[in-house]
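The values are calculated or read from the model by the stated rules, or taken from the named source; none is laboratory data. On a predicted model such as this, the values are computed, not experimentally measured, just so you know. Every residue, glycine among them, receives a Cβ derived from its backbone with ideal geometry; neighbour counts consider all protein chains shown.
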Amino acid sequence: MSNGHESVHEISIERLKHWLIEHNEQVSREYSSPDAAFLRRQYRANHKTEIVAFECMDGRLNLALMSETPLGIVQSVRNLGGIFDLGWFYLNEMFDDLVGYAVKHGRDCLAFVTYHWSRGELHRGCRGHNYNVDVARTDMMHMTHQIEEIFGVKHSVVYPICLGIETDEDAFLFHGSEGRTLDVSTLRDPSSDELRIRLMELYPDMKKQMLNDLLPIVEGNVRHVAAVRASNRQILDAEHRERILGVGRGFDWLHVNNLALIVGPFDPNLDGAIEVATKLLLGNIDAKRIPQDGIILLASETYRDPAGSDKPGAMVKSRFARDFALKTIGKDVPSLRKLLIPMACVVDVNTRKLHLI
Ligand SMILES: [Zn+2]
């Protein structure tokens, strides 16, 4: 963003380290406040659908931010290129747990399977897909078909939506049945009723409750795109400017555009994803889009129960992620290794509070 967030792309790496801790404290304080907890409860009471977004590790992507959805509603799952396969053991298990949780609470689940591109310049698109949008869409279709294969199509509790994200304006492109699409960048001040009709055409078999819960995501993106246009965002801000490599889970508190590349722990070829992310970061330094004084490697894992084995288990995972990333980068991208500032943390999902190890 070309507003107050821009400074985090320019401050020294030492200051960025302190900023991270302070920012987390502030977000955690707000997240834990009675007002925010009430708003979340109210949102979840009105919108009973669980929302999960499969996203590329790219720091410019953030479905929650781009749809102006309150923190803690969208569960973001990240990997290189937004490429996922439900044959991956850990991913399959994690997604099955999530759907099981939704079913237990009488909820359905919307799964956004996303890809991204840039309208203005091919090479501002997705490195993980070698900038090829057609290949990206084919990969997304593969994932949506896997979801349908596992959970069924008719009356299923999981509804996959293939979603394109255009990163110059952060506009969503919804893919629907029979090749129909809804491109938010072309909408001019649409009413809720108009949008609802368009969504019903796009997803004729979608349950009414789910449609109600999809609507605010679309409306939020309409507002967000209008704000991006009004801010006259510089093209530099639409290019990669990440300074942090996140490895693991529990990064939604960061909530800042274009600051961190996030590699989830799901891909069996984790080292390949880390290598591509590291090369993107090195590219940011070489092109002088960010300061030259370092990159933060932030390993993270989440825990829910502060008393039991959950937290120490998360600590073991986080340390492993840090050491694994350091080893991979030392081997594959040694020129960046000396610029790395490693940090490992665990995040309490109840408060989003980060604890350094
Ligand atoms: Zn990408």
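Pick from E219, E201, E194: which is in the same structural domain as G152 (by TED's automatic domain parsing), of a type in the set (D, E) and either within 30 Å of A299 (Cβ to Cβ) or under 21 Å from the mean Cα position of the chain (by Cα) (or both)? Lay out the reasoning, then the answer.
Details: E201 fails: either within 30 Å of A299 (Cβ to Cβ) or under 21 Å from the mean Cα position of the chain (by Cα) (or both); E194 fails: either within 30 Å of A299 (Cβ to Cβ) or under 21 Å from the mean Cα position of the chain (by Cα) (or both).
The conditions single out E219.
Yes or no: the range 82-102 includes at least one residue that is within 16 Å of the ligand (Cβ to nearest atom), modelled with pLDDT of 95 or more and among the aliphatic types (A, V, I, L, M).
No.
Report whether or not D168 is modelled with pLDDT under 95 and out of contact with any Phe, Trp or Tyr (no Cβ under 6 Å at 6 or more places or on another chain). It would help to see each step written out before you state the result.
Working: modelled with pLDDT under 95: yes; out of contact with any Phe, Trp or Tyr (no Cβ under 6 Å at 6 or more places or on another chain): yes.
So D168 fits the description; yes.
Quickly run through the range 276-302 and pick out the residues that are under 19 Å from the mean Cα position of the chain (by Cα) and closer than 19 Å to M343 by Cα. Spell out how you get there, then give the answer.
Applying the first criterion (under 19 Å from the mean Cα position of the chain (by Cα)) to the range 276-302 yields 276-278, 280-281, 296-302.
Matches in the range 276-302: A277, T278, L281, I296, L297, L298, A299, S300, E301, T302.
Taking E201 and the conditions (1) buried (at least 19 other Cβ atoms within 10 Å of the Cβ); (2) out of contact with any strand residue (DSSP E or B) (no Cβ under 8 Å at 6 or more places or on another chain), which numbered condition does it fall short on, given that it satisfies the others?
With respect to (1) buried (at least 19 other Cβ atoms within 10 Å of the Cβ); (2) out of contact with any strand residue (DSSP E or B) (no Cβ under 8 Å at 6 or more places or on another chain), E201 is out only on (1).
Do you know which of the residues in the range 338-353 that are of a type in the set (A, V, I, L, M) and over 19 Å from the mean Cα position of the chain (by Cα) is nearest to I73 (Cα to Cα)? Walk me through it before giving the result.
As a first pass, look at the range 338-353 and keep what is of a type in the set (A, V, I, L, M): 339-341, 343-344, 346-347, 349.
Cutting the leftovers down to over 19 Å from the mean Cα position of the chain (by Cα) gives us 339-341, 343-344.
On the way: L339: 35, L340: 32, I341: 31, M343: 27, A344: 25 Å.
Ranking the candidates gives A344 first.
If S177 satisfies every condition in (1) surrounded by 13 or more Cβ atoms within 10 Å (Cβ to Cβ); (2) farther than 27 Å from R124 by Cβ; (3) of a type in the set (S, T, N, Q) but one, which is the exception?
(1)
What are the residues in the range 115-150 that are part of a helix (DSSP H, G or I) and within 9 Å of the ligand (Cβ to nearest atom), if any? First the steps, then the outcome.
So in the range 115-150, the residues part of a helix (DSSP H, G or I) come out as 122-124, 127-129, 133-150.
Of everything in the range 115-150, those that are part of a helix (DSSP H, G or I) and within 9 Å of the ligand (Cβ to nearest atom) turn out to be R127, G128, H129, A136.
Which of the residues belonging to the range 30-73 are touching a strand residue (DSSP E or B) at 6+ places or on another chain (Cβ under 9 Å) and exposed (fewer than 15 other Cβ atoms within 10 Å of the Cβ)?
Matches in the range 30-73: S32 only.
Yes/no per residue for (1) touching a Ser or Thr at 6+ places or on another chain (Cβ under 7 Å); (2) modelled with pLDDT under 95; (3) among the hydroxyl-bearing types (S, T, Y):
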residue	(1), (2), (3)
D252	yes, yes, no
V256	no, yes, no
A260	no, yes, no
L270	no, yes, no
G294	no, yes, no
L297	no, no, no
R304	no, yes, no
A314	yes, no, no
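Applying the selection to the range 54-74, what residues are more than 10 Å from the ligand (Cβ to nearest atom), under 24 Å from G272 (Cα atoms) and assigned to a strand (DSSP E or B)?
F54
Please tell me if V77 is among the β-branched types (V, I, T), more than 16 Å from the ligand (Cβ to nearest atom), under 18 Å from D267 (Cβ atoms) and buried (at least 16 other Cβ atoms within 10 Å of the Cβ). Walk me through how you get there before you give the answer.
Details: among the β-branched types (V, I, T): yes; more than 16 Å from the ligand (Cβ to nearest atom): no; under 18 Å from D267 (Cβ atoms): yes; buried (at least 16 other Cβ atoms within 10 Å of the Cβ): yes.
No; evaluated as a whole, the condition is false for this residue.
Can you give me the number of residues within the range 218-246 that are within 30 Å of M343 (Cα to Cα), touching a residue at least 60 places away in the same chain (Cβ under 8 Å) and part of a helix (DSSP H, G or I)?
2
Name the residues in the range 45-60 that are modelled with pLDDT of 90 or more and either of a type in the set (A, V, I, L, M) or more than 17 Å from A136 (Cα to Cα) (or both), would you? Spell out how you get there, then give the answer.
Of the range 45-60, the ones modelled with pLDDT of 90 or more are 45-56.
Hits for the range 45-60 are A45, N46, H47, K48, T49, E50, I51, V52, A53.
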